[in-house]
Amino acid sequence: MHHSETRPNLAQNLDQALKQYFGYGAFRPGQRDIIEASLNGQDQLVVIPTGGGKSLCFQLPALLQPGLTVVVSPLIALMQDQVMALRDNGIRATFLNSTLSAEESRFRHNALFKNQIDLLYVAPERLMGEYFLETLNELKERIGITNFAIDEAHCVSEWGHDFRPEYRQLGHLRQRYPDVPMMALTATATPRVRSDIVQQLKLRKPRIHVASFNRDNLYYEVRNKNRKTYDSIRNLLKETTGSTIIYCFSRKRVEGLAERLNEDGIVALPYHAGLNSSVREDHQTRFIRDDVRVMVATVAFGMGINKPDVRLVVHYDLPRNIEGYYQESGRAGRDGDPANCILYFGSGDVGSIEYIIQQKPDEDEQRIARQQLQQVLDYAEGTVCRRTIQLGYFGEEFAGKCGNCDNCKNPKPIEDWTIPAQKFLSCVARCGERFGSKYIISVLRGSKDKRILQNRHNELSTYDIGRDLTADQWQLLARSLLHQGLVGETTDGYRILKLNATSWQVMRKQRTVMVAVPPKVDVDDIDVPRRRRDREELAAGSELLFEELRALRKRLADAANVPPFVVFHDSHLRKMANKKPTTLPDFADMPGVGRSKLEKYGPDFVQVIATFLEQEQ
Ligand code: ADP
Ligand code: ZN
């Protein structure tokens with residue numbers, strides 16, 4: 001079964017198969033080992049971050065062995081996309097789910113029994129249905145089942161963020177088919193979920209592959225949220241060639257921002273759970289097919305979006321936890337090309353999230369949510385490498401100095417703010433530890449606010465001694481004091497400042513206070529990097545041809561009713577625009593061109609390139 005006679009040449013064979021079926025010249029990290037272990041019939045848990053190339057790990061072995069590989073996938077959309085991409089590569093894949101007519105279903109069943117299918121995608125509830133299990137038994141006898149690939153395997157765990165009860169049933173597969181190896185795949189980073197997967201699926205001495213969660217093609221930046229944020233986003237959109245997702249906190253915010261962008265001539269579609277499903281599907285399709293470049297969405301837009309060429313993910317509002325931020329921002333740059341992840345952070349967001357947390361009925365839930373919020377704040381306000389914070393959250397040690405985040409590129413100067421800190425803390429003391437930072441700042445800045453006058457806090461010695469700093473600067477100090485633990489606050493939702501032992505040390509001049517201060521330059525003036533060394537850059541004079549190739553790709557994609565990225569990735573087109581192959585053999589050497597795409601698209605592309613060269617002369 002395992003083609004042992006080909007072992008000596010396995011390495012070479014795998015390279016050849018990779019080029020022939022998928023058009024790629026080299027494996028991504030981990031892929032080769034996973035594929036070899038799979039060919040050896042081992043159970044595996046594969047943990048690779050989004051964009052790392054998980055699918056190939058079960059797809060290639062499926063093509064190199066006789067019999068059927070059964071892929072379990074939680075979402076119909078995901079299934080359809082993968083099957084579409086595989087078929088475009090000439091690979092014999094199909095899916096079975098509830099969207100098919102009885103006739104189409106029967107047709108596909110027949111194809112399975114005629115041994116015309118290598119990869120079958122199926123939803124868990126269908127797979128574990130009595131009727132289908134019988135079919136599966138029969139298939140196993142007549143065709144053979146090579147492997148079960150459980151995609152998005154974290155859905156099996158209640159500890160994960162996408163728990164699906166149907167996935168629990170998959171535990172029975174092991175009893176029913178003890179001799180069929182299983183591969184579980186996920187991008188979930190938490191160790192708890194991983195061990196849950198192994199247990200629930202009853203993996204047998206699984207080989208566990210955990211890749212680094214560092215996505216080095218992503219640039220992370222946090223910007224201040226202020227009056228200019230909308231303009232700043234508009235500028236980002238202008239600078240970005242390629243698709244963008246903008247995440248907002250609520251449906252209302254989504255609608256508002258999408259509307260405003262459209263009024264300003266930037267076509268953007270909204271997506272949130274309040275839209276009915278046909279609208280959602282329509283918007284998603286238009287985004288995926290490059291008809292519309294900008295999607296404004298709540299986190300409802302997410303899993304199942306495997307568009308590889310998203311170039312920018314903006315968080316217009318604060319995400320609720322780090323894992324969420326990692327997954328959402330991680331939808332950028334799956335193709336490995338550089339992409340940007342920009343988070344806008346304003347202290348106002350903290351209040352909104354606090355409010356939501358207060359609505360939670362359960363105290364434990366509240367506590368967990370508060371802790372998660374605190375971690376997000378540590379990220380947003382952190383002055384060290386953003387990657388160190390993110391990866392640290394997942395238990396991965398990262399040396400820092402990544403060179404591809406705002407804090408590494410423009411380190412914030414650390415300043416001695418002991419004196420303002422003393423003023424601030426003594427104002428807290430003099431106001432009787434009964435107020436939040438906003439009120440304290442108003443007193444310091446000599447506000448004539450009614451509440452202040454009523455409380456006669458205009459008579460305090462700390463009244464009006466803080467006009468040398470702006471309200472924003474005081475706010476920065478307040479946050480920094482909180483984070484450094486130099487002052488506390490109540491967690492009853494009112495965030496009343498409370499002094500602690502260290503606060504008194506500061507006031508007694510026994511302790512200095514250092515604060516990381518945002519650079520004076522406007523962050524929008526800093527160039528977001530769009531280049532990385534190992535990316536195929538367009539050579540001078542290739543831009544026009546690149547645009548023509550993009551147009552050709554869109555025409556072919558629309559005709560075949562597939563998204564453009566299924567035909568070729570941008571990076572593939574750039575290479576073609578640079579190398580300008582005008583013969584089919586030369587075209588076959590291009591990345592992304594496998595045997596099937598060569599036949600299907602080669603002639604059109606070669607012709608457009610040849611015509612372009614003629615016209616140039
Ligand atoms: P994941 O499921 O891990 O998020 P995918 O399987 O969707 O990732 O792969 C991400 C992208 O990388 C896809 O567009 C895929 O075609 C591409 N890819 C996968 N393996 C390779 C490879 N060896 N060389 C080049 N591109 C690859
Ligand atoms: Zn960094």
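Computed from the coordinates by the stated procedures, all read-outs in this text should not be read as laboratory data. Every value quoted in this text rests on a predicted model; they were computed, and no experiment measured them. Note that we place each Cβ from the backbone using ideal geometry, even for glycine, and neighbour counts take in every protein chain shown.
From most to least packed by mean Cβ count within 10 Å, the peptides 320-327, 351-358 give 320-327, 351-358.
Compactness ratio for the stretch 318-392: Cα radius of gyration over 2.2 N^0.38 Å (N = residue count) comes to 1.21. Each part reduced to its alpha carbon centroid, the stretch 124-175 and the stretch 279-346 end up 29 Å apart.
Taking a ≥ b ≥ c as the square roots of the eigenvalues of the Cα gyration tensor, an a/c ratio of 1.5 or more together with a/b larger than b/c marks the stretch 190-319 as prolate.
Go through Ala102, Leu133, Leu120 and say which Cα lies farthest out towards the positive end of the charge dipole of the stretch 99-142; charges sit on Cβ, +1 for Lys and Arg, -1 for Asp and Glu. The listed residue farthest towards the positive side: Leu120. Expressed as a whole percent, the proportion of Cα-Cα pairs in the chain lying more than 50 Å apart is 19%. About the centre of its Cα atoms, the stretch 279-374 shows a dipole size close to 220 debye [charges on the beta carbon of Lys, Arg (+1) and Asp, Glu (-1) only; nearest 20 debye]. Listed peptides 193-199, 15-21, 362-368 appear in the order 193-199, 15-21, 362-368 once ranked by packing, highest mean of other Cβ atoms within 10 Å at the front.
Using only alpha-carbon positions in the stretch 414-508, the gyration tensor eigenvalues give semi-axes of 19, 15, 12 Å once each is multiplied by 5 and square-rooted (largest first).
Using only side-chain charges placed at the Cβ, +1 for Lys and Arg and -1 for Asp and Glu, the dipole size of the stretch 180-290 relative to its Cα centre rounds to 620 debye.
With +1 on the Cβ of every Lys and Arg and -1 on the Cβ of every Asp and Glu, and nothing else charged, how large is the dipole of the chain about its Cα centre, in debye rounded to the nearest 20?
Charge dipole of the chain: 1320 debye, to the nearest 20.
Once you've got the Cα coordinates, tell me which of Lys19/Lys238; Lys54/Lys114; Lys575/Lys600; Lys409/Lys580; Lys19/Lys202 are over 26 Å apart. With Cα atoms farther than 26 Å apart: Lys19/Lys238; Lys54/Lys114; Lys409/Lys580; Lys19/Lys202. Anisotropy class assigned to the stretch 341-445 is oblate, per the alpha carbon gyration tensor with a/c at or over the 1.5 cut-off and a/b no larger than b/c. When a/c reaches 1.5 or more, the comparison of a/b and b/c decides; with that in mind, is the stretch 253-333 rounded, prolate or oblate per its Cα gyration tensor? Here the stretch 253-333 falls in the rounded category.
Taking all Cα-Cα distances within the stretch 9-127, those exceeding 23 Å account for 30%.
Judged by the mean number of other Cβ atoms found within 10 Å, the most tightly packed of the peptides 419-428, 394-403 leads the ranking 419-428, 394-403. Each Cα pair under 8 Å and six or more residues apart adds its separation to the average, and for the stretch 100-215 the resulting relative contact order is 24 percent. Would you work out which of Gln31, Val46, Gln80 lies farthest towards the positive end of the dipole of the stretch 1-92, given +1 charges on the beta-carbon of Lys and Arg and -1 on that of Asp and Glu, about the Cα centre? Looking along the dipole axis, the top candidate is Gln80.
In units of the rule-of-thumb radius 2.2 N^0.38 Å, the stretch 452-502 shows an alpha carbon radius of gyration of 1.31.
A dipole drawn for the chain from +1 and -1 charges on Cβ atoms has a positive end, and of Val198, Thr502, Val71 the residue lying farthest that way is Thr502. Normalised size of the stretch 118-205, defined as Cα radius of gyration per 2.2 N^0.38 Å with N residues, equals 1.08.
Based on the Kirkwood radius over alpha-carbon pairs, what is the Stokes-Einstein translational diffusion coefficient of the stretch 12-67 at 4 °C with 1.567 mPa s viscosity, in µm²/s?
Once the numbers are plugged in, D ends up at 112 µm²/s.
Can you compute the modelled spin-label distance between Asp362 and Leu544, with each label point 7 Å from Cα toward Cβ, in nm? My value for the distance between the label points is 6.4 nm. Hey, what angle do you get for helix 595-616 against the long axis of the chain, alpha-carbon based, 0 to 90 degrees rounded to 10? Long axis of 595-616 versus the principal axis of the chain: about 70 degrees.
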